[in-house]
Amino acid sequence: MKKRDVLDFAKDLYDEGQLLELEHAIAYATTHHEGQKRKSGEAYIIHPLAVAAILMDWGMDIDTILAGVLHDTVEDTNATLEEIEAKFGGDIAFLVDGVTKVGQARAGMQNLEEYLPQTTDNLSKLLIAVSQDVRVIIIKLADRLHNLRTLNHMRPDKQKKIAKESLEVFGPIADRLGMGQVRMQIEELAFSYLDTKEFQRLQNMMKKRLGKSTRKLGAVRLEVEEKLRSEHIEFEINGRVKSIYSLYKKLKKVDGNMDDVYDLMALRVIVAKKEDCYRVLGILHGMYQPMIARIKDYIAVPKPNGYQSLHTTVITPNKQIVEFQVRTQEMHEYAERGLAASFHYHEQKTSKNYTKKKNVSQLPPQLQWISRLQEIALQLENHEEISHEQLNVDLFGDRIFVYSPKGDIYNLPEGALPLDFAYLVHGDVGKHAYACKVNGNIHAFDKPLSNGDVVEIVVRGTTSPKKEWIDLVKTSHAKSKIRQQLKRLGIIEGISSATAIIREKATRKRKNS
Ligand code: MN
(Lines give C-alpha, C1' and ligand atoms only; values in the text may rest on other atoms or scores of the structure.)
Protein backbone atom coordinates (compact mmCIF):
# COMPACT_ATOMS: atom_id res chain seq x y z
CA MET A 1 0.00 0.00 0.00
CA LYS A 2 1.57 3.26 -1.15
CA LYS A 3 0.72 6.83 -0.37
CA ARG A 4 -0.54 7.33 -3.93
CA ASP A 5 -2.94 4.37 -3.72
CA VAL A 6 -4.42 5.65 -0.47
CA LEU A 7 -4.93 9.14 -1.84
CA ASP A 8 -6.43 7.79 -5.07
CA PHE A 9 -8.82 5.67 -3.07
CA ALA A 10 -9.74 8.64 -0.88
CA LYS A 11 -10.27 11.03 -3.77
CA ASP A 12 -13.90 10.12 -4.39
CA LEU A 13 -14.87 9.70 -0.75
CA TYR A 14 -13.82 12.91 1.03
CA ASP A 15 -13.85 16.62 0.25
CA GLU A 16 -10.82 18.73 -0.60
CA GLY A 17 -10.15 20.03 2.89
CA GLN A 18 -10.32 16.50 4.26
CA LEU A 19 -7.96 15.20 1.56
CA LEU A 20 -5.47 17.88 2.50
CA GLU A 21 -5.63 16.78 6.14
CA LEU A 22 -5.09 13.21 5.02
CA GLU A 23 -1.98 14.22 3.08
CA HIS A 24 -0.65 15.98 6.18
CA ALA A 25 -1.25 12.96 8.34
CA ILE A 26 0.49 10.67 5.86
CA ALA A 27 3.48 13.03 5.66
CA TYR A 28 3.64 13.21 9.46
CA ALA A 29 3.46 9.45 9.91
CA THR A 30 5.95 8.81 7.11
CA THR A 31 8.52 11.14 8.68
CA HIS A 32 8.10 9.60 12.12
CA HIS A 33 8.24 5.96 10.99
CA GLU A 34 11.25 6.75 8.77
CA GLY A 35 13.83 3.97 8.99
CA GLN A 36 11.49 1.50 10.75
CA LYS A 37 10.82 -1.79 9.02
CA ARG A 38 8.05 -4.38 9.11
CA LYS A 39 8.98 -8.03 9.68
CA SER A 40 8.62 -8.45 5.91
CA GLY A 41 11.49 -6.00 5.38
CA GLU A 42 9.19 -3.38 3.89
CA ALA A 43 9.07 0.21 5.16
CA TYR A 44 6.88 0.41 8.29
CA ILE A 45 4.61 3.09 6.80
CA ILE A 46 2.92 0.52 4.55
CA HIS A 47 1.13 -0.78 7.66
CA PRO A 48 -0.63 2.41 8.83
CA LEU A 49 -1.45 3.19 5.19
CA ALA A 50 -3.00 -0.24 4.74
CA VAL A 51 -5.00 0.23 7.94
CA ALA A 52 -6.28 3.56 6.65
CA ALA A 53 -7.27 1.93 3.35
CA ILE A 54 -9.16 -0.83 5.17
CA LEU A 55 -11.04 1.82 7.17
CA MET A 56 -11.92 3.67 3.97
CA ASP A 57 -13.18 0.43 2.53
CA TRP A 58 -15.47 0.14 5.55
CA GLY A 59 -16.76 3.61 4.71
CA MET A 60 -15.49 5.29 7.86
CA ASP A 61 -15.46 9.05 8.46
CA ILE A 62 -12.30 11.12 7.87
CA ASP A 63 -11.35 11.39 11.57
CA THR A 64 -11.12 7.62 11.77
CA ILE A 65 -8.99 7.49 8.62
CA LEU A 66 -6.55 10.08 9.99
CA ALA A 67 -6.32 8.25 13.29
CA GLY A 68 -5.69 5.05 11.31
CA VAL A 69 -2.74 6.68 9.55
CA LEU A 70 -1.38 7.94 12.88
CA HIS A 71 -2.30 4.95 15.04
CA ASP A 72 1.23 3.67 15.72
CA THR A 73 3.08 6.99 15.91
CA VAL A 74 2.71 7.65 19.63
CA GLU A 75 3.50 4.08 20.65
CA ASP A 76 6.39 3.41 18.28
CA THR A 77 7.99 6.77 17.44
CA ASN A 78 8.94 9.98 19.22
CA ALA A 79 5.64 11.61 18.22
CA THR A 80 3.63 12.89 21.17
CA LEU A 81 -0.07 13.14 21.78
CA GLU A 82 0.25 16.90 22.41
CA GLU A 83 1.81 17.37 19.02
CA ILE A 84 -0.92 15.36 17.33
CA GLU A 85 -3.58 17.34 19.14
CA ALA A 86 -1.96 20.61 18.04
CA LYS A 87 -1.66 19.48 14.43
CA PHE A 88 -4.82 17.46 13.91
CA GLY A 89 -7.18 18.41 16.74
CA GLY A 90 -8.59 16.85 19.89
CA ASP A 91 -10.83 14.23 18.26
CA ILE A 92 -7.98 12.64 16.34
CA ALA A 93 -5.72 12.78 19.40
CA PHE A 94 -8.43 11.06 21.46
CA LEU A 95 -8.73 8.25 18.92
CA VAL A 96 -4.94 7.77 18.62
CA ASP A 97 -4.65 7.76 22.41
CA GLY A 98 -7.45 5.19 22.64
CA VAL A 99 -5.78 2.90 20.12
CA THR A 100 -2.44 3.28 21.91
CA LYS A 101 -4.08 2.31 25.20
CA VAL A 102 -5.66 -0.72 23.60
CA GLY A 103 -2.13 -1.67 22.52
CA GLN A 104 -0.85 -1.28 26.05
CA ALA A 105 -3.80 -3.07 27.52
CA ARG A 106 -3.25 -6.01 25.27
CA ALA A 107 -1.23 -7.62 28.03
CA GLY A 108 -4.52 -7.74 29.89
CA MET A 109 -6.66 -8.70 26.95
CA GLN A 110 -4.26 -11.04 25.23
CA ASN A 111 -5.82 -14.03 26.61
CA LEU A 112 -8.83 -13.81 28.84
CA GLU A 113 -7.88 -17.15 30.35
CA GLU A 114 -4.67 -15.71 31.71
CA TYR A 115 -6.41 -12.62 32.90
CA LEU A 116 -5.16 -11.70 36.35
CA PRO A 117 -6.33 -9.03 38.77
CA GLN A 118 -3.18 -6.92 38.35
CA THR A 119 -4.05 -6.31 34.74
CA THR A 120 -7.34 -4.73 35.77
CA ASP A 121 -5.93 -1.26 35.31
CA ASN A 122 -4.91 -1.89 31.74
CA LEU A 123 -8.16 -3.60 31.06
CA SER A 124 -10.21 -0.77 32.46
CA LYS A 125 -8.18 1.72 30.39
CA LEU A 126 -9.03 -0.31 27.35
CA LEU A 127 -12.70 -0.62 28.16
CA ILE A 128 -13.01 3.06 28.97
CA ALA A 129 -11.34 4.11 25.73
CA VAL A 130 -13.51 1.75 23.73
CA SER A 131 -16.73 2.62 25.47
CA GLN A 132 -16.25 6.35 25.03
CA ASP A 133 -15.82 6.06 21.31
CA VAL A 134 -16.42 2.83 19.43
CA ARG A 135 -14.26 4.05 16.58
CA VAL A 136 -11.26 3.16 18.74
CA ILE A 137 -12.09 -0.52 18.50
CA ILE A 138 -12.98 -0.23 14.82
CA ILE A 139 -9.47 1.12 14.14
CA LYS A 140 -8.05 -1.68 16.26
CA LEU A 141 -10.00 -4.24 14.20
CA ALA A 142 -8.54 -2.81 10.98
CA ASP A 143 -5.07 -2.90 12.56
CA ARG A 144 -5.58 -6.54 13.55
CA LEU A 145 -6.92 -7.49 10.14
CA HIS A 146 -3.85 -6.11 8.38
CA ASN A 147 -1.53 -7.81 10.87
CA LEU A 148 -3.32 -11.11 10.21
CA ARG A 149 -2.99 -10.60 6.47
CA THR A 150 0.77 -10.21 6.89
CA LEU A 151 1.16 -12.85 9.59
CA ASN A 152 3.22 -15.14 7.35
CA HIS A 153 6.28 -12.99 8.11
CA MET A 154 6.06 -13.77 11.83
CA ARG A 155 7.68 -16.60 13.79
CA PRO A 156 5.35 -19.62 14.09
CA ASP A 157 4.92 -19.27 17.87
CA LYS A 158 3.95 -15.61 17.45
CA GLN A 159 1.58 -16.53 14.64
CA LYS A 160 -0.24 -18.95 16.93
CA LYS A 161 -0.42 -16.46 19.75
CA ILE A 162 -1.85 -13.68 17.58
CA ALA A 163 -4.24 -16.09 15.87
CA LYS A 164 -5.55 -17.34 19.22
CA GLU A 165 -6.08 -13.85 20.56
CA SER A 166 -7.85 -12.89 17.34
CA LEU A 167 -10.31 -15.77 17.67
CA GLU A 168 -10.90 -15.19 21.38
CA VAL A 169 -11.12 -11.44 21.53
CA PHE A 170 -11.24 -9.62 18.19
CA GLY A 171 -13.63 -11.98 16.39
CA PRO A 172 -16.19 -11.76 19.21
CA ILE A 173 -15.84 -7.98 19.37
CA ALA A 174 -16.47 -7.65 15.63
CA ASP A 175 -19.46 -9.93 16.11
CA ARG A 176 -20.86 -7.86 18.96
CA LEU A 177 -20.57 -4.75 16.80
CA GLY A 178 -22.51 -6.54 14.07
CA MET A 179 -19.53 -6.38 11.69
CA GLY A 180 -20.17 -9.76 10.07
CA GLN A 181 -17.76 -9.39 7.16
CA VAL A 182 -14.88 -8.33 9.38
CA ARG A 183 -15.59 -11.05 11.90
CA MET A 184 -15.48 -13.64 9.14
CA GLN A 185 -12.24 -12.32 7.66
CA ILE A 186 -10.56 -12.27 11.06
CA GLU A 187 -11.78 -15.77 11.92
CA GLU A 188 -10.81 -17.37 8.61
CA LEU A 189 -7.28 -15.96 8.68
CA ALA A 190 -6.74 -16.66 12.37
CA PHE A 191 -8.08 -20.19 12.20
CA SER A 192 -5.89 -20.99 9.17
CA TYR A 193 -2.84 -20.18 11.34
CA LEU A 194 -4.04 -21.65 14.59
CA ASP A 195 -4.92 -25.07 13.18
CA THR A 196 -3.61 -25.17 9.63
CA LYS A 197 -4.21 -28.90 9.15
CA GLU A 198 -7.82 -28.78 10.28
CA PHE A 199 -8.43 -25.67 8.21
CA GLN A 200 -7.17 -27.40 5.07
CA ARG A 201 -9.04 -30.62 5.82
CA LEU A 202 -12.32 -28.75 6.16
CA GLN A 203 -11.60 -26.61 3.13
CA ASN A 204 -11.14 -29.73 1.00
CA MET A 205 -14.20 -31.40 2.47
CA MET A 206 -16.20 -28.28 1.74
CA LYS A 207 -14.98 -28.14 -1.87
CA LYS A 208 -16.05 -31.72 -2.52
CA ARG A 209 -19.48 -31.18 -0.99
CA LEU A 210 -20.09 -27.92 -2.75
CA GLY A 211 -19.15 -29.36 -6.12
CA LYS A 212 -21.92 -31.91 -5.70
CA SER A 213 -24.59 -29.63 -4.34
CA THR A 214 -24.03 -26.49 -6.40
CA ARG A 215 -25.73 -27.91 -9.47
CA LYS A 216 -28.69 -29.23 -7.50
CA LEU A 217 -28.96 -25.90 -5.70
CA GLY A 218 -28.89 -24.11 -9.06
CA ALA A 219 -32.11 -25.88 -10.01
CA VAL A 220 -33.83 -24.79 -6.80
CA ARG A 221 -32.63 -21.26 -7.33
CA LEU A 222 -34.08 -21.10 -10.84
CA GLU A 223 -37.39 -22.45 -9.61
CA VAL A 224 -37.54 -19.83 -6.85
CA GLU A 225 -36.54 -16.99 -9.17
CA GLU A 226 -39.30 -17.91 -11.57
CA LYS A 227 -41.89 -18.09 -8.84
CA LEU A 228 -40.89 -14.76 -7.26
CA ARG A 229 -40.99 -13.05 -10.65
CA SER A 230 -44.47 -14.38 -11.31
CA GLU A 231 -45.53 -12.91 -7.94
CA HIS A 232 -44.08 -9.53 -9.05
CA ILE A 233 -41.57 -9.32 -6.26
CA GLU A 234 -38.41 -7.33 -6.87
CA PHE A 235 -35.48 -9.28 -5.55
CA GLU A 236 -31.87 -10.27 -5.81
CA ILE A 237 -30.77 -13.79 -5.07
CA ASN A 238 -27.33 -15.22 -4.47
CA GLY A 239 -25.63 -18.13 -2.79
CA ARG A 240 -23.59 -17.72 0.34
CA VAL A 241 -21.07 -20.34 1.35
CA LYS A 242 -20.44 -21.07 5.00
CA SER A 243 -17.06 -19.94 6.30
CA ILE A 244 -14.55 -22.63 7.28
CA TYR A 245 -14.41 -21.48 10.89
CA SER A 246 -18.17 -21.47 11.35
CA LEU A 247 -18.29 -24.92 9.77
CA TYR A 248 -15.64 -26.01 12.29
CA LYS A 249 -17.74 -24.69 15.17
CA LYS A 250 -20.93 -26.25 13.79
CA LEU A 251 -19.26 -29.65 13.33
CA LYS A 252 -18.22 -29.64 16.97
CA LYS A 253 -21.89 -29.27 17.90
CA VAL A 254 -23.07 -32.15 15.71
CA ASP A 255 -20.27 -34.61 16.57
CA GLY A 256 -18.44 -34.01 13.31
CA ASN A 257 -21.23 -35.32 11.10
CA MET A 258 -21.22 -33.26 7.92
CA ASP A 259 -24.67 -34.58 6.96
CA ASP A 260 -26.12 -32.67 9.90
CA VAL A 261 -24.89 -29.35 8.54
CA TYR A 262 -27.74 -28.01 6.41
CA ASP A 263 -26.44 -24.58 5.64
CA LEU A 264 -23.12 -25.30 3.95
CA MET A 265 -24.53 -23.24 1.20
CA ALA A 266 -27.57 -21.05 1.65
CA LEU A 267 -29.60 -19.02 -0.79
CA ARG A 268 -29.93 -15.40 0.16
CA VAL A 269 -32.89 -13.39 -1.12
CA ILE A 270 -32.64 -9.62 -0.84
CA VAL A 271 -35.82 -7.57 -1.29
CA ALA A 272 -36.87 -3.94 -1.04
CA LYS A 273 -39.27 -3.84 1.91
CA LYS A 274 -39.72 -5.63 5.20
CA GLU A 275 -43.20 -6.84 4.17
CA ASP A 276 -41.66 -8.47 1.11
CA CYS A 277 -39.45 -10.59 3.40
CA TYR A 278 -42.56 -12.19 4.92
CA ARG A 279 -44.21 -12.58 1.50
CA VAL A 280 -41.12 -14.38 0.22
CA LEU A 281 -41.13 -16.63 3.29
CA GLY A 282 -44.77 -17.46 2.62
CA ILE A 283 -44.04 -18.25 -1.01
CA LEU A 284 -41.10 -20.49 -0.10
CA HIS A 285 -43.18 -22.40 2.42
CA GLY A 286 -45.86 -22.78 -0.24
CA MET A 287 -43.35 -24.34 -2.61
CA TYR A 288 -41.41 -26.55 -0.20
CA GLN A 289 -41.81 -28.31 3.12
CA PRO A 290 -40.24 -26.17 5.89
CA MET A 291 -38.41 -27.75 8.83
CA ILE A 292 -40.50 -26.20 11.58
CA ALA A 293 -37.78 -25.98 14.22
CA ARG A 294 -35.53 -24.09 11.84
CA ILE A 295 -37.77 -21.12 11.03
CA LYS A 296 -36.19 -18.04 12.62
CA ASP A 297 -37.66 -14.56 12.61
CA TYR A 298 -34.68 -12.34 13.34
CA ILE A 299 -36.60 -9.40 11.90
CA ALA A 300 -39.19 -9.24 14.67
CA VAL A 301 -36.56 -10.29 17.21
CA PRO A 302 -33.09 -9.25 16.00
CA LYS A 303 -29.99 -11.04 17.27
CA PRO A 304 -28.29 -9.27 20.20
CA ASN A 305 -25.84 -7.63 17.80
CA GLY A 306 -28.64 -6.15 15.70
CA TYR A 307 -28.59 -8.74 12.90
CA GLN A 308 -31.92 -9.04 11.08
CA SER A 309 -33.15 -11.64 8.57
CA LEU A 310 -35.69 -14.40 8.16
CA HIS A 311 -34.13 -17.87 8.11
CA THR A 312 -35.84 -21.03 7.00
CA THR A 313 -34.68 -24.48 5.98
CA VAL A 314 -36.85 -26.38 3.50
CA ILE A 315 -36.92 -29.84 1.97
CA THR A 316 -37.42 -29.97 -1.80
CA PRO A 317 -39.49 -32.71 -3.50
CA ASN A 318 -36.29 -34.56 -4.39
CA LYS A 319 -35.26 -34.49 -0.73
CA GLN A 320 -32.71 -31.75 -0.93
CA ILE A 321 -32.32 -29.61 2.18
CA VAL A 322 -31.83 -25.91 1.47
CA GLU A 323 -31.47 -22.97 3.81
CA PHE A 324 -32.88 -19.59 2.79
CA GLN A 325 -32.07 -16.20 4.31
CA VAL A 326 -34.44 -13.37 3.42
CA ARG A 327 -33.70 -9.73 4.22
CA THR A 328 -33.98 -6.18 2.92
CA GLN A 329 -31.06 -4.31 1.36
CA GLU A 330 -30.76 -2.27 4.52
CA MET A 331 -30.63 -5.35 6.75
CA HIS A 332 -28.07 -6.84 4.41
CA GLU A 333 -25.90 -3.75 4.65
CA TYR A 334 -26.10 -3.89 8.44
CA ALA A 335 -25.34 -7.63 8.55
CA GLU A 336 -22.14 -7.01 6.61
CA ARG A 337 -20.95 -3.74 8.12
CA GLY A 338 -22.68 -3.46 11.48
CA LEU A 339 -21.91 -0.52 13.67
CA ALA A 340 -19.29 0.71 11.19
CA ALA A 341 -22.24 1.67 9.00
CA SER A 342 -23.21 4.41 11.46
CA PHE A 343 -19.90 6.23 10.99
CA HIS A 344 -20.25 6.58 7.26
CA TYR A 345 -18.29 9.46 5.82
CA HIS A 346 -21.54 11.08 4.72
CA GLU A 347 -23.14 10.94 8.10
CA GLN A 348 -22.99 12.74 11.40
CA LYS A 349 -20.94 11.38 14.25
CA THR A 350 -23.11 9.47 16.66
CA SER A 351 -20.50 7.83 18.78
CA LYS A 352 -20.69 9.16 22.28
CA ASN A 353 -22.59 8.48 25.45
CA TYR A 354 -24.94 5.69 24.59
CA THR A 355 -25.82 5.18 28.21
CA LYS A 356 -27.51 8.54 28.55
CA LYS A 357 -30.81 6.82 27.81
CA LYS A 358 -32.10 5.32 31.00
CA ASN A 359 -34.02 2.29 29.86
CA VAL A 360 -31.63 -0.31 28.51
CA SER A 361 -34.34 -2.17 26.62
CA GLN A 362 -34.94 0.91 24.48
CA LEU A 363 -31.40 0.92 23.09
CA PRO A 364 -30.80 -0.85 19.80
CA PRO A 365 -29.43 -4.27 20.71
CA GLN A 366 -25.89 -3.65 19.50
CA LEU A 367 -25.71 -0.55 21.66
CA GLN A 368 -26.79 -2.51 24.70
CA TRP A 369 -23.43 -4.23 24.38
CA ILE A 370 -21.65 -0.88 24.36
CA SER A 371 -23.52 0.28 27.42
CA ARG A 372 -22.61 -2.96 29.16
CA LEU A 373 -19.01 -2.27 28.25
CA GLN A 374 -19.26 1.22 29.73
CA GLU A 375 -20.79 -0.16 32.87
CA ILE A 376 -18.01 -2.72 33.34
CA ALA A 377 -15.34 -0.08 32.69
CA LEU A 378 -16.93 2.00 35.42
CA GLN A 379 -16.99 -0.90 37.86
CA LEU A 380 -13.31 -1.59 37.20
CA GLU A 381 -12.53 2.06 37.68
CA ASN A 382 -14.26 1.93 41.05
CA HIS A 383 -12.04 -1.03 41.92
CA GLU A 384 -14.90 -3.47 42.02
CA GLU A 385 -13.59 -6.93 41.45
CA ILE A 386 -14.68 -8.66 38.28
CA SER A 387 -13.31 -12.11 37.57
CA HIS A 388 -12.45 -13.08 34.04
CA GLU A 389 -15.29 -15.62 34.02
CA GLN A 390 -17.61 -12.77 34.87
CA LEU A 391 -16.17 -10.70 32.06
CA ASN A 392 -16.68 -13.55 29.64
CA VAL A 393 -20.29 -13.93 30.73
CA ASP A 394 -20.96 -10.20 30.44
CA LEU A 395 -19.19 -9.48 27.18
CA PHE A 396 -18.63 -12.57 25.11
CA GLY A 397 -21.03 -15.26 26.28
CA ASP A 398 -24.13 -16.39 24.42
CA ARG A 399 -27.20 -14.29 25.00
CA ILE A 400 -30.91 -15.00 25.40
CA PHE A 401 -33.95 -12.79 24.93
CA VAL A 402 -36.75 -12.57 27.45
CA TYR A 403 -39.87 -10.43 27.48
CA SER A 404 -41.59 -8.37 30.12
CA PRO A 405 -45.37 -8.93 30.35
CA LYS A 406 -45.73 -5.67 28.43
CA GLY A 407 -43.67 -7.13 25.60
CA ASP A 408 -40.42 -5.18 26.15
CA ILE A 409 -37.42 -7.24 25.10
CA TYR A 410 -34.44 -7.70 27.38
CA ASN A 411 -31.23 -9.44 26.49
CA LEU A 412 -29.36 -11.41 29.12
CA PRO A 413 -26.47 -13.87 29.22
CA GLU A 414 -27.35 -17.52 28.81
CA GLY A 415 -28.10 -19.05 32.21
CA ALA A 416 -29.34 -15.76 33.66
CA LEU A 417 -31.65 -16.08 36.67
CA PRO A 418 -34.89 -14.21 37.50
CA LEU A 419 -33.13 -11.65 39.69
CA ASP A 420 -30.79 -10.75 36.81
CA PHE A 421 -33.89 -9.83 34.86
CA ALA A 422 -35.39 -7.94 37.80
CA TYR A 423 -32.27 -5.80 38.27
CA LEU A 424 -31.99 -5.17 34.54
CA VAL A 425 -35.52 -3.80 34.50
CA HIS A 426 -34.87 -1.52 37.47
CA GLY A 427 -32.91 -1.45 40.71
CA ASP A 428 -36.16 -1.08 42.66
CA VAL A 429 -37.82 -4.01 40.93
CA GLY A 430 -34.82 -6.09 41.99
CA LYS A 431 -34.82 -4.72 45.50
CA HIS A 432 -38.45 -5.62 46.16
CA ALA A 433 -38.59 -8.84 44.14
CA TYR A 434 -40.86 -11.24 46.00
CA ALA A 435 -41.59 -13.92 43.44
CA CYS A 436 -41.17 -14.64 39.78
CA LYS A 437 -43.57 -15.94 37.14
CA VAL A 438 -42.37 -17.34 33.85
CA ASN A 439 -44.95 -17.77 31.10
CA GLY A 440 -47.60 -17.43 33.79
CA ASN A 441 -46.19 -20.07 36.15
CA ILE A 442 -44.35 -19.58 39.42
CA HIS A 443 -40.61 -19.91 38.78
CA ALA A 444 -37.92 -20.37 41.45
CA PHE A 445 -35.23 -17.71 41.81
CA ASP A 446 -32.51 -20.31 41.30
CA LYS A 447 -33.91 -21.63 38.01
CA PRO A 448 -32.35 -20.19 34.83
CA LEU A 449 -34.49 -18.34 32.31
CA SER A 450 -34.80 -19.59 28.75
CA ASN A 451 -34.83 -17.82 25.44
CA GLY A 452 -38.27 -16.40 24.68
CA ASP A 453 -39.60 -16.57 28.25
CA VAL A 454 -42.13 -13.99 29.38
CA VAL A 455 -40.89 -13.00 32.80
CA GLU A 456 -42.90 -11.23 35.45
CA ILE A 457 -41.42 -10.12 38.76
CA VAL A 458 -43.91 -9.86 41.59
CA VAL A 459 -42.82 -7.03 43.88
CA ARG A 460 -43.72 -6.33 47.50
CA GLY A 461 -42.74 -3.17 49.31
CA THR A 462 -41.82 -5.19 52.38
CA THR A 463 -39.31 -7.39 50.58
CA SER A 464 -35.66 -6.37 50.67
CA PRO A 465 -32.41 -7.86 49.33
CA LYS A 466 -30.80 -10.76 51.16
CA LYS A 467 -27.17 -11.79 51.30
CA GLU A 468 -27.90 -15.05 49.46
CA TRP A 469 -29.08 -13.09 46.44
CA ILE A 470 -25.47 -12.49 45.35
CA ASP A 471 -25.34 -16.18 44.47
CA LEU A 472 -28.69 -16.01 42.70
CA VAL A 473 -27.50 -13.79 39.87
CA LYS A 474 -25.11 -14.19 36.97
CA THR A 475 -24.60 -10.69 35.63
CA SER A 476 -22.11 -8.29 37.17
CA HIS A 477 -24.77 -5.60 36.80
CA ALA A 478 -27.12 -7.34 39.23
CA LYS A 479 -24.28 -8.42 41.55
CA SER A 480 -23.01 -4.90 41.86
CA LYS A 481 -26.52 -3.49 42.45
CA ILE A 482 -27.25 -6.07 45.14
CA ARG A 483 -23.94 -5.36 46.90
CA GLN A 484 -24.70 -1.64 46.93
CA GLN A 485 -28.14 -2.24 48.39
CA LEU A 486 -26.83 -4.69 51.01
CA LYS A 487 -24.18 -2.19 52.08
CA ARG A 488 -26.75 0.53 52.39
CA LEU A 489 -28.91 -1.76 54.51
CA GLY A 490 -25.86 -2.55 56.66
CA ILE A 491 -26.17 -6.26 55.87
CA ILE A 492 -22.68 -6.50 54.45
CA GLU A 493 -19.79 -4.23 55.26
CA GLY A 494 -18.38 -1.82 52.80
CA ILE A 495 -14.66 -1.88 52.19
CA SER A 496 -12.79 -1.66 55.51
CA SER A 497 -12.74 1.93 56.65
CA ALA A 498 -8.94 2.36 56.46
CA THR A 499 -8.84 1.28 52.83
CA ALA A 500 -11.85 3.43 52.14
CA ILE A 501 -10.13 6.52 53.47
CA ILE A 502 -6.96 5.90 51.47
CA ARG A 503 -8.97 5.30 48.38
CA GLU A 504 -11.06 8.37 48.90
CA LYS A 505 -7.95 10.50 49.25
CA ALA A 506 -6.53 9.04 46.07
CA THR A 507 -9.72 9.76 44.19
CA ARG A 508 -9.83 13.32 45.46
CA LYS A 509 -6.23 13.82 44.41
CA ARG A 510 -6.96 12.53 40.96
CA LYS A 511 -9.96 14.80 40.60
CA ASN A 512 -7.98 17.87 41.68
CA SER A 513 -5.01 17.25 39.44
MN1 MN B 1 -0.61 -1.15 14.07
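Before moving on, here are some points about what is shown:
- Taking amide H positions as modeled 1.01 Å from N, with prolines and chain starts lacking one, the residues under 5 Å from G239 and 5 or more places away or on another chain are R268.
- Long-range HN-HN contacts of A435 with modeled amide H, under 5 Å: V458
- Dividing the summed helix terms, -39500 (n - 2.57) for each DSSP H run of n ≥ 4, by the number of residues in the chain produces a 222 nm estimate of -16500 deg cm²/dmol to the nearest 500.
- Our estimate of slack between I470 and H426, defined as 0.36 nm per intervening residue step minus the Cα-Cα distance, is 14.2 nm.
- Per the Kirkwood formula applied to alpha carbons, segment 1-60 shows a radius of gyration over Rh ratio, Rg over Rh, of 0.98.
- Qualifying chymotrypsin sites (Phe, Trp or Tyr not before Pro) for segment 146-231 [loop in DSSP, other Cβ within 10 Å: at most 16]: none
- Overall, the accessible surface of the chain at a probe of 1.4 angstrom is composed of carbon and sulfur to the extent of 50 percent.
- Restricting segment 18-73 to GluC sites (Glu not before Pro) that sit in a DSSP loop and have at most 15 other Cβ atoms within 10 Å of their own Cβ leaves E34, E42.
- Close amide H partners of G306, meaning residues 5 or more places away or on another chain with modelled amide H under 5 Å apart, are Q366.
- Sequentially through segment 453-468, phi angles give Karplus couplings (6.51, -1.76, 1.60; θ = phi - 60°) of 5, 9, 10, 10, 9, 8, 9, 9, x, 7, 7, 9, x, 10, 4, 5 Hz, Gly and Pro residues having no value and appearing as x.
- Where N is the number of residues in the chain, Cα Rg divided by 2.2 N^0.38 Å: 1.07
- Once the chain from A300 to K158 is taken as fully extended at 0.36 nm per residue, the excess over their C-alpha distance is 46.7 nm.
- Take the Cα of D8, step 7 Å toward its Cβ, do the same at V454, and the gap between the two points is 6.1 nm.
- Accessible solvent surface per residue of the chain, calculated while the other protein chains remain in place, 1.4 angstrom probe, Å²: 50
- Relative contact order (percent, whole number), the chain, Cα cutoff 8 Å, 6+ residue spacing: 11
The values are calculated or read from the model by the stated rules, or taken from the named source; none is laboratory data. Model, not experiment: these values are computed from the prediction. Counting neighbours? That spans all protein chains shown, and the Cβs are built from the backbone with ideal geometry, glycine included. Side chains are part of the model used for accessible areas, which takes the heavy atoms of the whole protein and leaves out ligands, DNA and RNA. Shrake-Rupley method; radii C 1.70, N 1.55, O 1.52, S 1.80 Å.
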